[in-house]
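Inspection log for the structure reproduced underneath, given as structure tokens.
The values are calculated or read from the model by the stated rules, or taken from the named source; none is laboratory data. This one's a predicted model, so the numbers in the text were calculated from it and none came from an experiment. Backbone-built Cβ (ideal geometry, glycine too); neighbour counts: all protein chains shown.
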Amino acid sequence: MDKIEPHKIYTTGETREFLKISKSTIKRWLKKGIIRANKIGGRYKILGSEILRLISPDLEEETRHVYRDLKEKTKKKIKNW
């Protein structure tokens, strides 16, 4: 299988292949919100970035850290106006 592209949309079948999980597991994860997805035409569509988040949670935490730093810098800048 090809590499996962963050902005590409994947089906549940493609996602299952990437994650090496069963149909019942992906259904359960979708129902519990472990995998965030949009339902279009009665079928779930999953962004590549969501699959990457599941594969590498450290990457998501790093992104949060960068976002928090930027948010704090922005608050300080606005406060000084």
Next item on the list: Return yes or no: is Arg16 at pLDDT below 90, touching a Lys or Arg at 6+ places or on another chain (Cβ under 9 Å), assigned to a helix (DSSP H, G or I) and surrounded by 14 or more Cβ atoms within 10 Å (Cβ to Cβ)?
Entry: no
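Can you name the residue in segment 38-81 that is part of a loop (DSSP other than H, G, I, E, B) and farther than 27 Å from Thr15 by Cα and is also modelled with the highest pLDDT among such residues? Give the derivation first.
Quick first cut of segment 38-81, residues part of a loop (DSSP other than H, G, I, E, B) only: 41-42, 56, 80-81.
Subset that is farther than 27 Å from Thr15 by Cα: 80-81.
Numbers: Asn80: 77, Trp81: 74.
Among them, the one singled out is Asn80.
With respect to Thr11, determine if the residue is modelled with pLDDT of 85 or more and of a type in the set (Ser, Thr, Tyr).
Values: modelled with pLDDT of 85 or more: yes; of a type in the set (Ser, Thr, Tyr): yes.
Considered against the rule, which asks whether it is modelled with pLDDT of 85 or more and of a type in the set (Ser, Thr, Tyr), Thr11 comes out as yes.
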Checklist line | Yes/no for Ile35 being modelled with pLDDT of 90 or more, assigned to a loop (DSSP other than H, G, I, E, B) and buried (at least 17 other Cβ atoms within 10 Å of the Cβ) | finding: yes
